[in-house]
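Every number in this text was worked out from the coordinates using simple rules, so none of it is lab data. Please read all numbers here as calculations on a predicted model, not as lab measurements. Glycine gets a Cβ as well: all are built from the backbone with ideal geometry, and neighbour counts include every protein chain shown.
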Amino acid sequence: MSIHNEALFDQSEIEGLEGLNIAIIHTRWNNFIVDELVNGCREVLAKNKVENIDHRQVPGSIELTFACQRYFEATCNTTRRPDAIIAFGCVIKGETPHFDYVCESVTQGITQLNLQLPIPVIFGLLTVNNVAQAKERIGGAHGHKGEEAAISALQMIAFNKELG
């Protein structure tokens, strides 16, 4: 785990969590960044003995919200029901307002899922101005957002279980 994340996480917060199911839903778009987010996430989950991880891939960030909701609906009455879903994507600003529309849509969509579903949906969407900023968020000066998403998922699962 990178040094940036150590202050975010107290191992005692997740003691007793076993047999977790976590879904990672990620985009193909900007996969050279997104794959690193997923790898960092998987590393933290593996260190915390999470073995049941289901990966699903969608074309782009707009599709993340739909995919998260459909994944939960399809698995909620099965042994694969996730304890959390982590959504990863990377939107890099271009010359048109498309960036703003995509970022706002996904942000609102993930927020709505967190209000509607009985499990946490972790926002792992990078919204950056350029590739250099994206790279800073996969292990650079801004930490590793994939690792942070895994930590957030574990903390929110513990929070959710604590409340019953």
**Report entry** For the stretch 44-54, 3J(HN,Hα) per residue [Karplus equation, 6.51 cos²θ - 1.76 cosθ + 1.60, θ = phi - 60°, Hz, x = Gly/Pro]
**Finding:** 5, 4, 5, 5, 9, 6, 8, 9, 9, 10, 10
Query raised in the report: Build a GNM of the chain with springs between Cα atoms under 10 Å: which of Gly140, Gly19, Gly60 gets the top mean-square fluctuation?
Result: Gly19
Report summary line: Percent antiparallel among DSSP beta bridges confined to the stretch 20-163, nearest 5, equals 10 percent
Report summary line: Measuring from its Cα centre, the chain shows a charge dipole (+1 at each Lys and Arg Cβ, -1 at each Asp and Glu Cβ) which, in debye to the nearest 20, is 380 debye
**Report entry** Kirkwood Rh and Cα Rg combined as Rg/Rh, the stretch 29-91
**Finding:** 0.97
Requested in this report: Pull up all non-local amide H partners of Ile122: gap of 5 or more, or a different chain, and H-to-H distance under 5 Å with H placed in the peptide plane.
Outcome: Ile85, Ile86, Ala87
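Please compute, over every Cα-Cα pair in the stretch 20-163, the percentage with a separation greater than 21 angstrom. Intermediate results must be reported in sequence, preceding the final value.
On the way: 3959 of 10296 pairs.
Cα-Cα pairs of the stretch 20-163 separated by over 21 Å account for 38 percent.
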Report task. Rank Ser105, Ser12, Ser61 by mean-square fluctuation in a GNM of the chain with C-alpha springs under 10 angstrom and give only the top-ranked residue. Result -> Ser12
